[in-house]
Amino acid sequence: MKILIVGSGGREHAIAWRLSRDEENHELYCAPGNAGTAQIAVNVAISADDIATLALWAEEEKPDLVVVGPEAPLVKGLVDELEKLGIPSFGPVAAGALMEGSKRFAKEIMDAAGVPTGKAATFTDAAAAKDALKEYGLPVVIKADGLAAGKGVIVAETLDEACRAIDDMLVANKFGSAGAEVLIEEFLHGEECSILAMVDGENAVLLPSSQDHKRIFDGDKGPNTGGMGAYSPAPVISSDKLPLIKEKIIMPVVRELKKRGIVYRGILYAGLMVNDENSNPHGPMAKSGSTINVVEFNARFGDPETEAVLPRLGGSFARALLNAATGCLKESDIVVKDSCAATVIISSEGYPGDYEKGKKIEGLDEALEDATVFHCGTGFSGDDVITCGGRVLSVTGEGSTLREAVDKAYEAVGKISFDKMFYRKDIAHRAFDR
Ligand code: AMP
Ligand code: GLY
């Protein structure tokens, strides 16, 4: 198959890598890709959100399949354009990508579909929003409606903090149009988990569970990042709960969207909050033995969850993606290996704040003895591979146990070096602490 992968991060390198492991040979392209994808695909110098130029490329090159990595091109309608050209695309149309692009829309769908989620309301007026805070208690969560590069969610511990977040969004316009509407949401207690469902418009097949580490420092401290590591499976969701999550969360959303004329194809990523103490015994998920609420939906593969989930898939990945893109996905398209995987993100010191770029990376070949190295923010300077992003590499170890997978990942991380390199030392600690 001739396949274009859109994006330039660790997720896209992992998608290209997993496709390169299929038994069939594929002709892989990545737009724009990075120094890692260049080793297994042809990098095409088109930015991931340049919809017009990507569509032009697709019209000329006629790929059999386009796989869209990041949310921005989905929300901007890349798949709508490709559909007009008759090119099968893995990823939802813009109306479906609103499940990620508008938190208000996602809540509306969840409410209509009866999906368990935190109580919330949306506001455009700061005074009305502040007045509503008294109904929520503390902590309380303030969210910008639109896409804000992971920075639009504030978990406020005090009323002052909550009011400041509301003013930042509605008065100071700090988040631009993404913050023109705010959502106030009840704080949900528990442990988070990511469920990626592959959806073909009608049906869904769930990929294995995973958990990512959003904070920069060990012990889940410090500011939020795009993700500092991930592992799969996540013991907080045992595999026997997956059918219930499909029945109560994923399928109701797919059906509700379809009812509204939106055929959702691609990944529907449910960020779940699992409360093992069963604090809501009458809730819709009560028979699972724990309370499960949706914290967010994303319209794409998670990053870095993808780097821990895809190595666990057997079978033909291209066939599964194409079947989802063309509305004929089968349960048997997804083969899950009885293994564990863990990925450790190596970042530039200073991330998620300011950091330096252009540092030469050493030890990449040696690291491959123990693990798979996915490139997130890398480029070339002559023949050297250099850093060019906050998150630089995603190093994945696999094993028959999670401990083995984590040890292999850290063994490989120890062989890599560059000036001002940073990584967390405690990936998967929640699984080990249980
Ligand atoms: P979101 O972009 O909605 O996923 O929010 C980013 C992060 O904020 C989540 O991964 C959670 O860690 C946290 N968060 C969001 N909403 C809630 C909530 N209602 N209760 C507790 N934590 C939340
Ligand atoms: N790892 C979280 C995300 O992809 O949104």
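The values are calculated or read from the model by the stated rules, or taken from the named source; none is laboratory data. Since this is a predicted model, take the numbers as computed values, not measurements. Cβ placement follows ideal geometry from the backbone for every residue including glycine, while neighbour counts extend to all protein chains displayed.
Please tell me if M99 is surrounded by 24 or more Cβ atoms within 10 Å (Cβ to Cβ), among the aliphatic types (A, V, I, L, M) and either part of a helix (DSSP H, G or I) or modelled with pLDDT of 95 or more (or both). I'd like the intermediate steps shown before the answer.
Values: surrounded by 24 or more Cβ atoms within 10 Å (Cβ to Cβ): yes; among the aliphatic types (A, V, I, L, M): yes; either part of a helix (DSSP H, G or I) or modelled with pLDDT of 95 or more (or both): yes.
Answer is yes for this residue.
What single numbered condition from (1) within 13 Å of ligand 1 (Cβ to nearest atom); (2) buried (at least 16 other Cβ atoms within 10 Å of the Cβ) fails to hold for D168?
With respect to (1) within 13 Å of ligand 1 (Cβ to nearest atom); (2) buried (at least 16 other Cβ atoms within 10 Å of the Cβ), D168 is out only on (1).
Of all residues in the range 1-25, which are among the basic types (K, R) and assigned to a loop (DSSP other than H, G, I, E, B)?
As a first pass, look at the range 1-25 and keep what is among the basic types (K, R): 2, 11, 18, 21.
Across the range 1-25, the qualifying residue is only R21.
Quick test for you: out of V68, V140, V79, pick the one residue that is within 15 Å of ligand 1 (Cβ to nearest atom), crowded, with 22+ Cβ neighbours inside 10 Å and either at pLDDT 95 or above or not aliphatic (A, V, I, L, M) (or both). Lay out the reasoning, then the answer.
Numbers: V68 fails: within 15 Å of ligand 1 (Cβ to nearest atom); V79 fails: within 15 Å of ligand 1 (Cβ to nearest atom).
On inspection, the qualifying residue turns out to be V140.
Can you tell me which residue in the range 7-30 is nearest to ligand 2 (Cβ to nearest atom), limited to those that are farther than 16 Å from C388 by Cβ and in contact with a helix residue (DSSP H, G or I) (Cβ under 6 Å, 6 or more places away or on another chain)?
Kept after step one, since they are farther than 16 Å from C388 by Cβ, are these residues of the range 7-30: 11, 14-29.
Checking the rest, the ones that are also in contact with a helix residue (DSSP H, G or I) (Cβ under 6 Å, 6 or more places away or on another chain) come to 11, 14, 16, 18-19, 22, 26, 28.
Working: R11: 8, A14: 12, A16: 17, R18: 17, L19: 20, D22: 24, H26: 25, L28: 22 Å.
The selected residue is R11.
Which one is surrounded by the fewest Cβ atoms within 10 Å (Cβ to Cβ), of the residues in the range 26-62 that are in a helix (DSSP H, G or I) and in contact (Cβ under 8 Å) with a residue 40 or more places away in the chain?
Within the range 26-62, the first condition is being in a helix (DSSP H, G or I), and the residues that meet it are 37-39, 51-61.
If we keep only those that are in contact (Cβ under 8 Å) with a residue 40 or more places away in the chain as well, we get 37-38, 54, 57-58, 61.
Working: T37: 29, A38: 18, L54: 23, W57: 18, A58: 22, E61: 13.
For the range 26-62, the residue satisfying everything is E61.
Go through (1) under 30 Å from E247 (Cα atoms); (2) within 16 Å of ligand 2 (Cβ to nearest atom); (3) touching a Phe, Trp or Tyr at 6+ places or on another chain (Cβ under 8 Å) one by one and return the number of the condition V140 breaks.
In the conditions (1) under 30 Å from E247 (Cα atoms); (2) within 16 Å of ligand 2 (Cβ to nearest atom); (3) touching a Phe, Trp or Tyr at 6+ places or on another chain (Cβ under 8 Å), V140 misses (2) alone.
Restricting the first residue to the range 195-212 and requiring it to be without any contact (Cβ under 8 Å) to a residue 60 or more places away in the chain and within 14 Å of ligand 2 (Cβ to nearest atom), which pairs with a second residue that is of a type outside the set (G, A, S) and outside any strand (DSSP E or B) meet a Cβ separation below 9 Å and a spacing of at least six or different chains?
As it stands, the answer is S209/P233; S209/P235; S209/V236; S209/I237; S209/K241; S209/L242; S209/I245; S209/V309, since those pairs meet every condition given.
Based on what the data block shows, is H213 surrounded by fewer than 17 Cβ atoms within 10 Å (Cβ to Cβ) and closer than 30 Å to A308 by Cβ?
Working: surrounded by fewer than 17 Cβ atoms within 10 Å (Cβ to Cβ): no; closer than 30 Å to A308 by Cβ: yes.
Answer is no for this residue.
Based on this model, can you work out whether L74 counts as crowded, with 18+ Cβ neighbours inside 10 Å and part of a helix (DSSP H, G or I)? I'd like the intermediate steps shown before the answer.
Numbers: crowded, with 18+ Cβ neighbours inside 10 Å: yes; part of a helix (DSSP H, G or I): yes.
Taking the combined requirement at face value, the residue satisfies it.
Output the number of residues of the range 206-221 satisfying the condition of being within 14 Å of the chain's Cα centre (by Cα) and modelled with pLDDT of 95 or more. Even if it seems obvious, please write down each step before you answer.
We begin by selecting, within the range 206-221, every residue within 14 Å of the chain's Cα centre (by Cα); these are 207-214.
Subsequent filtering for residues that are modelled with pLDDT of 95 or more retains 207-213.
Residues flagged as within 14 Å of the chain's Cα centre (by Cα) and modelled with pLDDT of 95 or more within the range 206-221 amount to 7.
Return the residues of the range 181-208 that are within 13 Å of A428 (Cα to Cα) and either more than 13 Å from ligand 1 (Cβ to nearest atom) or of a type in the set (K, R) (or both); say none if nothing qualifies.
First, the residues of the range 181-208 that are within 13 Å of A428 (Cα to Cα): 191-193.
If the condition is that a residue be within 13 Å of A428 (Cα to Cα) and either more than 13 Å from ligand 1 (Cβ to nearest atom) or of a type in the set (K, R) (or both), then no residue fits.
Evaluate the range 403-411: report whether one residue or more is over 22 Å from the mean Cα position of the chain (by Cα) and modelled with pLDDT under 95. Even if it seems obvious, please write down each step before you answer.
Of the range 403-411, the ones over 22 Å from the mean Cα position of the chain (by Cα) are 403-404, 407-408, 410-411.
The next check asks that each one be modelled with pLDDT under 95; those that pass are none.
No, the range 403-411 has no match at all.
Every residue, every condition in (1) among the aromatic types (F, W, Y); (2) touching a residue at least 24 places away in the same chain (Cβ under 8 Å); (3) within 28 Å of G96 (Cα to Cα); (4) in contact with a helix residue (DSSP H, G or I) (Cβ under 7 Å, 6 or more places away or on another chain), yes or no:
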site: I216; (1), (2), (3), (4): no, yes, no, no
site: N224; (1), (2), (3), (4): no, yes, yes, no
site: G227; (1), (2), (3), (4): no, yes, yes, no
site: A230; (1), (2), (3), (4): no, yes, yes, yes
site: S238; (1), (2), (3), (4): no, no, no, no
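Listed here are the residues, each with its yes/no results for (1) part of a loop (DSSP other than H, G, I, E, B); (2) within 22 Å of F297 (Cα to Cα).
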position	(1), (2)
R104	no, yes
E108	no, yes
G137	yes, no
R164	no, no
L183	no, yes
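Specify which of the listed residues (I184, I166, I154) is among the hydrophobic types (A, V, I, L, M, F, W, C), free of Cβ contacts under 8 Å to residues at least 24 places away in the same chain and within 19 Å of A127 (Cα to Cα).
Numbers: I184 fails: free of Cβ contacts under 8 Å to residues at least 24 places away in the same chain; I166 fails: free of Cβ contacts under 8 Å to residues at least 24 places away in the same chain.
Sole residue among the options that is among the hydrophobic types (A, V, I, L, M, F, W, C), free of Cβ contacts under 8 Å to residues at least 24 places away in the same chain and within 19 Å of A127 (Cα to Cα): I154.
Here's the yes/no breakdown for (1) in contact (Cβ under 8 Å) with a residue 60 or more places away in the chain; (2) surrounded by fewer than 21 Cβ atoms within 10 Å (Cβ to Cβ); (3) in contact with a Gly (Cβ under 9 Å, 6 or more places away or on another chain); (4) hydrophobic (A, V, I, L, M, F, W, C):
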residue: G327; (1), (2), (3), (4): yes, yes, yes, no
residue: I334; (1), (2), (3), (4): yes, yes, yes, yes
residue: S347; (1), (2), (3), (4): yes, no, yes, no
residue: I361; (1), (2), (3), (4): no, no, no, yes
residue: L368; (1), (2), (3), (4): no, yes, no, yes
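Give the residues of the range 138-172 that are more than 23 Å from the chain's Cα centre (by Cα), over 20 Å from V274 (Cα atoms) and of a type outside the set (A, V, I, L, M, F, W, C), sorted by residue number.
Quick first cut of the range 138-172, residues more than 23 Å from the chain's Cα centre (by Cα) only: 138-140, 156-172.
If we keep only those that are over 20 Å from V274 (Cα atoms) too, we end up with 156-172.
If the condition is that a residue be more than 23 Å from the chain's Cα centre (by Cα), over 20 Å from V274 (Cα atoms) and of a type outside the set (A, V, I, L, M, F, W, C), then E157, T158, D160, E161, R164, D167, D168 are the ones that fit.
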